[in-house]
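See structure below.
The values are calculated or read from the model by the stated rules, or taken from the named source; none is laboratory data. Here the structure is a predicted model, which is why all the values come from computation and not from measurement. Backbone-built Cβ (ideal geometry, glycine too); neighbour counts: all protein chains shown. Each accessible area value is taken on the protein alone, full model and side chains, heavy atoms only, with ligands, DNA and RNA left out. Shrake-Rupley method; radii C 1.70, N 1.55, O 1.52, S 1.80 Å.
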Amino acid sequence: MTEDAEIFESNRKSLLALAYRMLGDMTRAEDAVQEAWLRWERREAKADIASPKAFLLTTVARLCLDELGSARARHEESRSDRLPEPVDLEESGLSRVETMDQISMAFLVLLQRLTPAERAVLLLHDVFDMSHSEIAETLGKTDAACRQLLGRARDNVAAGRRVLDAPREEHRRLLLAFVKAVNEGRQEELVELLAEDAVLIADAGPKGGRYGKLRNVGKPLVGRQRIAALMRGFAAQEVSPPLQIREKTLNGEPAVVALQGDRVIAAILVAVADGKIRHIFLQNDGERLRHVGAMH
């Protein structure tokens with residue numbers, strides 16, 4: 001392996017983690033990292049780069065900003081029911097990345113609410129420890145403008161941060177209790193598990209979807225009574241072949257995957273705070289379930 005290749009490979013996980021957090025899509029993240037490799041390999045003045053990691057992070061950030069500025073990406077991100085792609089971190093090569101809690105589904109959803117520039121500044125500064133001057137050069141902005149972007153991004157993320165701190169066992173217990181209550185039609189138990197203002201986001205893809213006779217909701221659903229009623233309607237339907245439910249670790253946290261036969265049709269993750277489920281993330285867009293890993 002050449003020295004260039006060794007340097008790039010030593011930074012690959014960090015680059016992939018940045019691109020995935022920026023884009024919320026593993027395939028597009030892998031494409032950005034591959035393009036960064038091509039640019040690294042053919043760069044000029046190779047000996048003059050003081051920090052290869054900063055150079056590579058900057059390259060990936062710019063590629064992601066270009067992608068997020070495309071008409072396709074703007075259209076996708078305008079959907080209120082769009083969720084990041086859930087991933088098996090072990091199989092995707094992200095099992096050891098900086099600050100694991102910041103690759104959780106809850107954090108990625110918070111990132112989606114930021115502008116692309118705010119997203120880039122927050123990640124590059126708070127996760128990858130880049131200086132304001134380095135980030136300013138990446139974004140083509142002044143140091144002062146980057147500080148303002150960082151302040152806004154932190155403020156927007158701060159309101160949702162408490163759902164990132166629940167102990168893993170409590171997180172798992174509430175998730176499994178939720179799935180059991182839905183499957184067994186225990187409406188009162190289901191309502192009790194949810195926060196009063198709980199939010200369900202179900203992503204069936206840009207064209208929507210259908211489960212039995214029920215259509216996907218198409219937008220976030222707010223309120224535990226409304227969520228419980230929707231879950232009752234889904235659970236009451238008979239489908240063939242019947243669903244199989246498997247526990248899985250996705251985005252470094254407890255998750256549940258639903259299969260029909262050997263086909264993954266949905267991934268369910270939750271965000272927990274104060275002993276209640278505050279957010280339910282239901283990904284059932286088949287195109288965005290390709291990185292949930294093998295089912296055992």
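Just one of the listed residues (ARG79, ARG43) is modelled with pLDDT under 85, more than 20 Å from VAL109 (Cα to Cα) and part of a loop (DSSP other than H, G, I, E, B), and it is ARG43. Just to be sure before I move on: is ASP31 in a helix (DSSP H, G or I) and surrounded by fewer than 21 Cβ atoms within 10 Å (Cβ to Cβ) in the structure I sent? Spelling it out, ASP31 is indeed in a helix (DSSP H, G or I) and surrounded by fewer than 21 Cβ atoms within 10 Å (Cβ to Cβ).
So which residues in the range 25-57 are more than 24 Å from LEU289 (Cα to Cα) and either of a type in the set (Asp, Glu) or touching an Asp or Glu at 6+ places or on another chain (Cβ under 7 Å) (or both), if there are any at all? Of everything in the range 25-57, those that are more than 24 Å from LEU289 (Cα to Cα) and either of a type in the set (Asp, Glu) or touching an Asp or Glu at 6+ places or on another chain (Cβ under 7 Å) (or both) turn out to be TRP40, GLU41, GLU44, ASP48, ALA54. Of the residues examined, LEU194 is one that is out of contact with any Leu (no Cβ under 7 Å at 6 or more places or on another chain) and at pLDDT 95 or above. When LYS141 is tested against (1) out of contact with any helix residue (DSSP H, G or I) (no Cβ under 9 Å at 6 or more places or on another chain); (2) buried (at least 16 other Cβ atoms within 10 Å of the Cβ), exactly one condition is not met: (1). Cβ-Cβ distances below 6 Å connect no pair with a first residue in the range 108-130 that is assigned to a loop (DSSP other than H, G, I, E, B), a second residue that is modelled with pLDDT of 95 or more and open to solvent by 10 Å² or more (accessible area, probe 1.4 Å), and a separation of six or more residues or different chains.
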